[in-house]
1. Ordered by residue, what ³J(HN,Hα) values in Hz, to whole numbers, does the range 101-108 give under the Karplus form 6.51 cos²θ - 1.76 cosθ + 1.60, where θ = phi - 60° and Gly and Pro are x?
2. If you take the charge dipole of the range 11-70 about its Cα centre, with +1 on Lys and Arg Cβ and -1 on Asp and Glu Cβ, which of F46, Q23, I56 is farthest toward its positive end?
3. Search the structure for amide H atoms under 5 Å from the amide H of Q12, placed 1.01 Å from N in the peptide plane, and list their residues when 5 or more places away or on another chain.
4. Probe 1.4 Å, all protein chains in place: accessible area of D58 in Å², nearest 10?
5. Quick one: which residues, 5+ away or cross-chain, put their amide H under 5 Å from the amide H of M30? H built at 1.01 Å from N.
6. If we count every other residue with Cβ under 12 angstrom of H54's Cβ, Lys/Arg +1 and Asp/Glu -1, where does the sum land?
7. For V83, V5, give the ranking by accessible area with the largest first, probe 1.4 Å.
8. Hey, got the dipole for the range 8-61? About the Cα centre, +1 on K and R Cβ, -1 on D and E Cβ, debye to the nearest 20?
Amino acid sequence: DFEAVVDLGSTQKITNLKAGFLQDQRSWIMMPKMVKFYGSADGKNFILLGTQTHQIKDNENENLIMDFEVNIPEKEIRYLKLVAENYGKLPSWHPGAGGEAFIFVDEIMLR
């Protein structure tokens, strides 16, 4: 799994959260199962702001980039936590069957 906490330095008004991920299944890089976005004012008590999944096929041969994104009612936060659930073990059809998939995140964006 991937987890990151971003300190914005001060409280900010946020309405949109986004994170980019790559899938290149031939290189064992798979989309996360789901991405959860959390916010906090103090960096200790986080509330869930939104969750997103996807419909991308795991056996897709093209390299794909997808932004997982949630719109939220305007919220004042200082800390953003992003949790992306890894695909897990590669399936039986994959040349690396049984091996652990990688997760590649590109950018975390806030508006």
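1. 6, 8, 10, 10, 10, 9, 9, 10
2. The residue sitting farthest along the positive end of the dipole is F46.
3. Amide H neighbours of Q12, under 5 Å, 5+ apart: I77, R78.
4. Accessible area, nearest 10 Å²: 50 Å².
5. Correct list: D24, F102, F104.
6. It works out to a net charge of -3.
7. Values: V83 35, V5 85 Å².
Correct descending sequence by accessible area is V5, V83.
8. Numbers: 7 positive and 4 negative charges, 25 e Å.
Taking the Cα centre of the range 8-61 as origin, the dipole is about 120 debye.
The values are calculated or read from the model by the stated rules, or taken from the named source; none is laboratory data. The model shown is predicted, which means the values in this text are computed figures rather than measured ones. Quick reminder, even Gly has a Cβ in these numbers, built from the backbone with ideal geometry, and neighbours come from all protein chains shown. For the accessible areas, the whole protein counts, side chains as well, though only heavy atoms, and no ligand, DNA or RNA atoms are used. Shrake-Rupley method; radii C 1.70, N 1.55, O 1.52, S 1.80 Å.
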